[in-house]
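First the structure, in the form of C-alpha cells, and then the observations on it.
The values are calculated or read from the model by the stated rules, or taken from the named source; none is laboratory data. Quick caveat, the model's predicted, so the values are computed rather than measured. For neighbour counting, all protein chains shown are included, and Cβ atoms are generated from backbone atoms with ideal geometry for every residue, glycine included. Areas reflect the complete protein model, heavy atoms only, side chains present, ligands, DNA and RNA absent. Shrake-Rupley method; radii C 1.70, N 1.55, O 1.52, S 1.80 Å.
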Amino acid sequence: MVNVTSVIEHPSFHVEAGTAVGTAMRELELPNKGADAIVCVKDAEGNLRDLSHVPDTAGEFTPVPANSPEGRSVIRHSCAHVLAQAVQAEFPGTKLGIGPAIENGFYYDFQVAEPFTPEDLKTLEKRMKKIIKSGQRFERRLYASAEAAAEELKNEPFKLELIQDKGNVDPNSDEATEVGAGDLTAYDNVNPRTNEVEWSDLCRGPHIPTTRYIPAFALTRSSAAYWRGNQDNADLQRVYGTAWETKEALEEYQLMLAEAEKRDHRRLGNELDLFSFPDEIGSGLPVFHPNGAIVRQEMEEHSRRRHIEDGYSFVTTPHITKADLYEKSGHLGFYKDGMFPPLQVDAEYDAEGKETKPGQDYYLKPMNCPMHNLIFDSRGRSYRELPLRLFEFGTVYRYEKSGVVHGLTRARGFTQDDAHIYCTDEQLEQELTSVLDFIISLLKDYGLDDFYLELSTKDPKKFVGSDEIWERSTDILQRVATNSGLELVPDPEGAAFYGPKISVQARDAIGRTWQMSTVQLDFNMPERMNLEYTASDGTKKRPIMIHRALFGSIERFFGVLLEHYAGAFPVWLAPHQVIGIPVADDFSPHLEKITAQLRKRGIRADVDTSDDRMQKKIRNHTTGKVPFMLLAGARDVEADAVSFRFLDGTQVNGVPVDEAVELIDAWVKERINDQPSEQSLAARR
C-alpha cells in the first residue's frame, strides 16, 4: 500500500451561484503543487467537480487533495486522456474505446492495426511527457444534444455506441466514465498559449485543471481486450498505466510491484511444486501436487478443529443438482450468467429417436446455500436446536470469463469453507458478533493481523425482499461492524441479491488488500424455500439465515498466504518442515535417527542423501523454503547433537538432539507463524 504522505482533510467552503469553484477557493490559499495540491472538489451531494465548475445555486464544496483516493483517481483518469491523445498522435487512425481510472492506475482501450510493442509504450511515454509539460487545460464542454455528440464523433464507432446506449449504461461500469446519468459532455485539451483545442474525448469528468497536475506516471503493459469485455465484440488493445501525486509515491508503488512480482503465487506455485493448471483439464481448474496438498490439508484441518470447538456441524453435499433447486432459491434468476451451462439428462427416446420423455437440466453448483437449506428442511426443527451452524468444505463451480481468471485467486472451480447459520431473531445480533470474532481470530491463526471491514448494501436493480427487511438487515450489520472496533468502509450497492454483507478485508505483508471473509445476512431465502422452526409457544416461525465463508475459498486463501509469506510458509503449514543435511555421507545415519524421532511426533522430516555437496544442498533447501535445516558433522555425532541452519542464513551449532527435537516439536505444535532464526531460537532455549 502506497501512502507517502498523510492526507490533509480541508474544511468545506462556500461558493456563490455563478462563481467558479476555483475562483472562490483562491482566497483560502490552498496548495496547487505537490502531494497536497487540490485537484478538484466535492459538492454537498458527494459528487466530484472540476475546479472550473460554476454552480447554479450557492453551496458548500470540499477540497480534494491529490494524495487522497479520490484525488488520485482524478489524476489517473486525466492521465488516461493524455495517453489517448498520445496514441492518436503517434498512430493516426486509431479508434478510441474507454479509459477509466482503476485501482492504482488507469487503462485505455484502442482499436489499432497492430498490437502495441514495448518500444511503442516507450514512444508513447515520451509523447505523453511532452503533452504534460505543455500544461494543456482540461475544459468541460456540454453537447447540445445526443445528435450533436454523434455528429462530432461520427468517426469513433465505439463512442457512438456509448452515446446510443447512454440510458442503459451500468453506473458502476467502466463505460460510465464516458456516459451515464446527466448531460452528455466532452473534455477538450486546450493549448495554454494558443487556446486551440489539441484533442477531445467524450467524458463525464471531472479532471485536473491542467496536465501539469500529473507529476509522475508510467505505462506498465499492454494486452488484448474485447470491447466492453464481451468476447463476441471487437478485438482491442488495452494499455495500462499508473499515475501518482509525486515521483516518490510512484517509486514506492513500483517497488511494491516488483516485490509483488517476486511473490506472485503462480510463479511460486511452479517453483515450489505446489499446484498447476493443466490445459487438458481447462482454464481456472487447479490441481494440487503433493507439496501443495500438504499445505492445503493443514489449512483445512486447523479450520476444521476450530469450527468443531465453536459448535459447527459438518455436512457434505453433491457437486451437481437439478435446476429446480436454483430456480427456487433465486440463483437462476439473478446469477445464471455466473453459472456453467446446464447438462440435460434422463431424457428418453423411442426406437426412431423421437423424445418420449423430456430430460431435466442439471447444474454444477455455484453455491452451497440451497443444499444446506434442504438439510435444515429435512425434518422439523425446534427453537431449542438454534442457532444451527452447518459447515462444509464445499466445492463449487462458477463460469468466470477467461479474461478474469487469475491463478488460484480467481478460479472456475474452488472449495469454499462455507457455513450457514440458522437462528432466531433474538439470537441474531449476538450470533453475528460471535461470527465476526471467530473469523478475525481464525485469520490471525494463519498470520494475518491487519484488518478492516466493508459493508455492502442493496443494489436497487438486483435484490429480492422488501425494503423494510433490507433496511433492518443493514442496520444490524452496521451496528455489529461498528461495535467490532475495526475500521468500517461503505460499499454502496455491493451486496448480493439476497442480503447485505460485511466483508473482512486483510492487508498482507507488502500492504496489499485482499477480501477474505464474508458475512451475509439473509431474511429472504428462508422465505423463498419455506424454512420453518417451531417456536417456544408452538407457532411456526422463519429462521434468519447467515451466510459465512471465512477464507472465501481454500484455493484463494492458499494463494493469498503464499504471496503473504513469499513462499516461506510458517513451519506448521510448510510441506517440508525439517531436512537433514549431512556434512558427509557417514553422518546420514545420525540424522536418520533424529528425523525418525520427529516423524513419530507427526513432523514432516527427511534426510537429503543425494550426491550434491553440502553447500549445494543448503542452497537447494533454502530455495525450497524448508524452515528447519539440520546439519551434522563429526563433532555433532560425537556430542549427540545437531546444528540448525535457517532461511535467513543464520545458524546455531551443537544443540543436543533431545533439545533440538523438543524445540522443533514445540514450534510446530504452537503454530508459530514467524520463521525460526538464530535469534528466535535463542529466545526459547
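The P(r) of the range 285-381 has a tail past 18 Å containing 66 percent of all C-alpha pairs. Computed over every Cα-Cα pair of the range 69-259 and binned at 5 Å starting from 0, the pair-distance distribution P(r) comes out as 1, 8, 16, 21, 22, 17, 10, 3, 1, 0 percent.
Remark on the range 406-563: Rg and Dmax equal 16.3, 55 Å (Cα only).
Converting phi to 3J(HN,Hα) with the Karplus coefficients 6.51, -1.76 and 1.60 and the offset θ = phi - 60°, the range 88-95 yields 5, 6, 7, 10, x, x, 5, 9 Hz in sequence order, with x at every glycine or proline. Based on alpha-carbon atoms, the Kirkwood radius and the radius of gyration of the range 181-226 give Rg/Rh equal to 1.05.
Helix 657-669 and the long axis of the chain differ in direction by around 40°, with both axes built from C-alpha atoms. Distances between every pair of Cα atoms in the range 63-168, grouped in 5 Å steps from 0 to the bin holding the largest one, split as 2, 11, 16, 21, 21, 16, 10, 3, 0 percent. Taking the Cα centre of the range 69-259 as reference, the dipole from Cβ charges on Lys and Arg (+1) and Asp and Glu (-1) amounts to some 680 debye.
Rolling a 1.4 Å probe over the protein heavy atoms gives the chain an accessible area of 47 Å² per residue. Could you run the Karplus curve 6.51 cos²θ - 1.76 cosθ + 1.60 with θ = phi - 60° over the range 184-201 and give me ³J(HN,Hα) per residue in whole Hz, x for Gly and Pro? Karplus-based 3J(HN,Hα) across the range 184-201 equals 7, 9, 10, 10, 9, 8, 10, 5, x, 8, 9, 6, 8, 6, 7, 5, 9, 8 Hz. Convex hull volume of the Cα atoms of the range 363-453, normalised per residue: 143 Å³.
Under the 0.36 nm per residue contour assumption, what length would be gained going from the current alpha-carbon distance of Arg472 and Glu114 to full extension?
The span from Arg472 to Glu114 would gain 123.4 nm if fully extended.
With a cap of 10 neighbouring Cβ atoms within 10 Å, and only residues DSSP puts in a loop, list the trypsin sites (Lys or Arg not before Pro) found in the range 439-508.
Lys461
Net charge of the neighbourhood of Arg528, taken over other residues with C-beta under 14 Å away and scored Lys/Arg +1, Asp/Glu -1, is -4.
Average 1/r across all pairs of distinct alpha carbons in the chain, invert it, and you get the Kirkwood radius: 29.2 Å. Diffusion of the range 13-65 by Stokes-Einstein, at 4 °C in a medium of 1.567 mPa s and with Rh set to the Kirkwood radius over alpha-carbon pairs, works out to 119 µm²/s. Listed by chain and number, the lysines whose C-alpha is less than 20 Å from the C-alpha of Lys262, apart from same-chain residues fewer than 8 away, are Lys625. For the range 622-685, the average shadow cast by the Cα convex hull is 4.3 nm², which is a quarter of the hull's surface.
In plain terms, if you count all Cα to Cα distances in the range 34-121 and split them into 10 Å steps from zero, the share in each step is 16, 36, 27, 17, 4, 0 percent.
Only helices enter this figure: runs of n ≥ 4 DSSP H residues, each worth -39500 (n - 2.57), summed and divided by the residues of the chain, yield -9500 deg cm²/dmol at 222 nm to the nearest 500. Axis angle, to the nearest 10 degrees, between helix 614-623 and the longest C-alpha principal axis of the chain: 50 degrees.
Of the solvent-accessible surface of the chain, computed with a 1.4 Å probe and all protein chains present, 47% belongs to carbon and sulfur.
With a 1.4 Å probe rolled over the protein heavy atoms of all chains, the accessible area of Arg212, Arg305 falls in the order Arg212, Arg305, largest first. Counting every pair of alpha carbons in the range 571-683, the share spaced more than 20 Å apart comes to 32 percent. Among beta bridges from DSSP that stay inside the range 571-683, the antiparallel ones total about 45%. Within the P(r) computed for the range 379-427, what percentage of the Cα pairs occupies the region above 12 Å? For the range 379-427, the fraction of Cα-Cα distances above 12 Å is 71 percent.
Only protein heavy atoms count here; on that basis, with a 1.4 Å probe, Tyr446 has an accessible area of about 0 Å². Helix 118-134 and the longest principal axis of the C-alpha atoms of the chain enclose an angle of approximately 50°. Between Asp324 and Asp537, the modelled label-to-label distance comes to 3.5 nm, taking each label 7 Å out from Cα in the direction of the beta carbon. The length gained on full extension between Asp232 and Thr185, counted as 0.36 nm times the residue separation minus their Cα-Cα distance, comes to 14.1 nm.
Taking all protein chains together and a 1.4 Å probe, the residues Asp418, Asp475, Asp449 rank Asp449, Asp475, Asp418 from largest to smallest accessible area.
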